[in-house]
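The values are calculated or read from the model by the stated rules, or taken from the named source; none is laboratory data. Since the structure is predicted, the reported quantities are computational estimates derived from the model, not experimental observations. With ideal geometry, Cβ positions are generated from the backbone for all residues, glycine too; neighbour counts draw on all protein chains shown. When the accessible area is computed, the model is the full protein with side chains, heavy atoms only, and any ligands, DNA or RNA have been set aside. Shrake-Rupley method; radii C 1.70, N 1.55, O 1.52, S 1.80 Å.
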Amino acid sequence: MKITKSEVEHVAWLARLELSEEEKEKLTVHLNGIMAHFEKLQQLDTSEVEPTSHSIPVQNVYREDKVSTCLSVDEALSNAPDARDGYFVVPQVVEI
Amino acid sequence: MNATTGGASEPYSLTAHELHEHLVARKISAFEVTQVLLERIAAVDEQVKAYITVTAESALDAAREADERIARGECGPLTGIPVAIKDVICTKGILTTCASKILRNYIPPYDATVIQRLKDAGAIIIGKANMDEFAMGSSTENSAFFPTRNPWNLSRVPGGSSGGSAAAVAADEAILALGSDTGGSIRQPASFCGIVGLKPTYGRVSRYGLVAFASSLDQIGPMSKDVTDSAILLNVIAGKDPMDSTSVDIAVPDFTKALVNDVKGLKIGVPKELFAQGVRAEVADAVMKGIELLGNLGAEFKELSMPIMEYALPTYYIIAPSEASSNLARYDGVRYGHRAARSSDVLTMFARTREEGFGSEVKQRIMIGTYALSAGYYDAYYLKAQKVRTLVRRAFDDAFREFDVLISPTSPTVAFGIGEKIEDPLEMKLADVCTIPVNLAGIPAISITCGFSEGLPIGMQIMGRPFDEETIIRVAYTFEQNTDFHRRKPPLTGGVQA
């Protein structure tokens, strides 16, 4: 299986990464190399094996539904690249 | 006191438990300790470059408070002890960059739980340590700012990703440090820098405020000059935290009670696969000698085979980037961190922000993870890796039915040269071949120094059953009490080296 440059572009878009041409070329080579390394896992028969997502099995962890302290609006906005009137400001999303 | 000349009697060269005795006896104040450490940093950090941020002012303030506590007779084991914090752990009001351009200006509005616990214990945050960007790497060369150097040989890497934390402790620029370990990032740099590094069982320590890399693997742990100090630091940071639902509600023992110089009757397993895969002869020899020493002290040891180990590395390199690609989706220039200028629409802003903000290793891993999780490939890669993860865990469960601990090298080699492996990502990843299985299984492991080669430390990894940090501490402590590798200091002097 070979990963093409256009697949790299598609994956980059899924990951919201705007890559330079040079990066696309490099990543195409790199992804092919590392994915080949992953083929090794296909040697193992795992048809009867359950997947592990966490080493310590935890089911739903509940807490009491009560109000506790949290960050103030000012604190939450303290690192914002752009903020106004208690909101984060981003480029226009919806056409008016 | 002269911070540049060095010597065993200098306060900066002491362990936390030694300093604690001096503080209790009022031979030195927390303020003086902190000043001495800051002088030491000023003298040697230009060479080592362990710190991204040195928090001199707030450290001295905290030291004054610690002295007040001590005056009231409240001197806990960490009161007045300067600690370096890996720059992936949030510190309220103190720059936390993850060594990434995307978080270059990020000042957390809250403390990680481990930081809160350190503060409650009277410890002093002395600075934020360098690392591989977002903890992705094995040499600290992936820092967006600068590489850290190995105090034992400045042309070598300190390991990674917690390379700044390890180098700071080894160079006596901190008494203790916190690191984080996703695939070996505490143990491998501890090994390269000749210190102790302990990765606790997954769930033992709260991850609240630890910037997430791979959430099912990440764990915060102590880095220190000896085993006693790691036990002391683990005592403070361990325990269930309501802010981290994956932290486990299980009794936290007093880990210092495990500091027992006795391994009689203990069963040590030696997994032969962890002595293969590129492990250098001098490393394997030193670790085997270490195991034999434990044998002479009354432990029984036997080789075992864990063939699944050779599948651990590819398994990790699917799971970790997959989780990372999801975790790092939050860096979009909206709420914090870098935002690309002049983007006409929001999607372009996201993509451009991420292009400008992430370094190449981080981008590679996001791409691998996104690919592995994308439609059509999920079953072949991510699900398959999760199933192999089950097999890795089973292999450890089986081994621990027969053995109390398993011992292997921490890393296949001693510290390699700066620039040596940066262009060869697969070769670089082999540096973690012995440590990665531990994260997949979620078990605890400690790295201690068991020898030297080319003037560089060799690390021995002791792995234990889940939530049995006590036994690995006991084995490590016994080894330490019967050797003096941990007392050696790097030949580092102040000023610029020729």
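The table for this structure:
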{"read-out": "Value at 222 nm in deg cm²/dmol, rounded to 500, when DSSP H runs of n ≥ 4 in chain A each add -39,500 (n - 2.57)", "value": "-10500 deg cm²/dmol"}
{"read-out": "Euclidean distance between Cα centres, segment B:313-361 to segment B:94-127, Å", "value": "22"}
{"read-out": "Between segment B:366-381 and segment B:217-267, the alpha-carbon center distance in angstrom", "value": "35"}
{"read-out": "Cβ-defined net charge surrounding B:K257, 12 Å radius [Lys, Arg +1; Asp, Glu -1]", "value": "-2"}
{"read-out": "Computed over chain B: relative contact order in percent, which uses C-alpha pairs under 8 Å that are six or more apart", "value": "18"}
{"read-out": "Label-point gap, in nm, between B:V252 and B:I28 - each point 7 angstrom along Cα→Cβ", "value": "2.6"}
{"read-out": "Trypsin sites (Lys or Arg not before Pro) restricted to segment B:306-384 and DSSP loop, no more than 10 other C-beta within 10 Å", "value": "B:R342"}
{"read-out": "Average accessible surface area per residue within the protein assembly as shown, 1.4 Å rolling probe, Å²", "value": "38"}
{"read-out": "Computed lengthening from B:K92 to B:S344, 0.36 nm per intervening residue step minus Cα-Cα distance", "value": "87.4 nm"}
{"read-out": "Chain A shape via C-alpha gyration tensor axes, a/c threshold 1.5", "value": "oblate"}
{"read-out": "Mean separation of Cα contacts under 8 Å (6+ apart) over length of chain A, as relative contact order %", "value": "16"}
{"read-out": "Beta bridge orientation in the protein assembly as shown: antiparallel %, DSSP, nearest 5", "value": "70"}
{"read-out": "Length gained when the stretch A:D82-A:K40 is fully extended (0.36 nm per residue, less Cα-Cα span)", "value": "10.4 nm"}
{"read-out": "Cβ-based net charge around B:T228, under 11 Å, with every Lys or Arg adding one and every Asp or Glu removing one", "value": "-3"}
{"read-out": "Loop-located chymotrypsin sites (Phe, Trp or Tyr not before Pro) in segment A:1-79, at most 14 other Cβ atoms within 10 Å (DSSP)", "value": "A:Y62"}
{"read-out": "Total accessible surface hidden between A and B, rounded to 100 Å², 1.4 Å probe", "value": "5300"}
{"read-out": "Percent of beta bridges antiparallel (DSSP, chain B, rounded to nearest 5)", "value": "70"}
{"read-out": "A:H10 versus B:S453: modelled label distance in nm, points set 7 Å from Cα along the beta carbon direction", "value": "4.6"}
{"read-out": "Helix-only mean residue ellipticity at 222 nm for chain B, each DSSP H run of n ≥ 4 adding -39500 (n - 2.57), per residue, nearest 500", "value": "-11000 deg cm²/dmol"}
{"read-out": "Neighbouring partner chain Cβ atoms per residue of A:43-53, average, 10 Å criterion", "value": "6"}
{"read-out": "Backbone N within segment B:13-31 under 12 Å of label point (7 Å from B:K489 Cα along the Cβ vector)", "value": "B:13-15"}
{"read-out": "15 Å beta-carbon shell around A:A15, net charge (K/R +1, D/E -1)", "value": "-2"}
{"read-out": "Of the trypsin sites (Lys or Arg not before Pro) in segment A:10-68, those whose Cβ has at most 15 other Cβ within 10 Å and which sit in DSSP loop", "value": "A:R63, A:K66"}
{"read-out": "Inter-label distance, nm, simple model (7 Å from Cα along the C-beta direction), B:S155/A:Y62", "value": "6.4"}
{"read-out": "Accessible area of chain B belonging to carbon and sulfur atoms, whole % at 1.4 Å probe", "value": "50"}
{"read-out": "Rel. contact order, % - alpha carbon contacts under 8 angstrom, at least six apart, segment B:336-475", "value": "20"}
{"read-out": "Most to least accessible of A:K5, B:K199 (protein chains only, probe 1.4 Å)", "value": "A:K5, B:K199"}
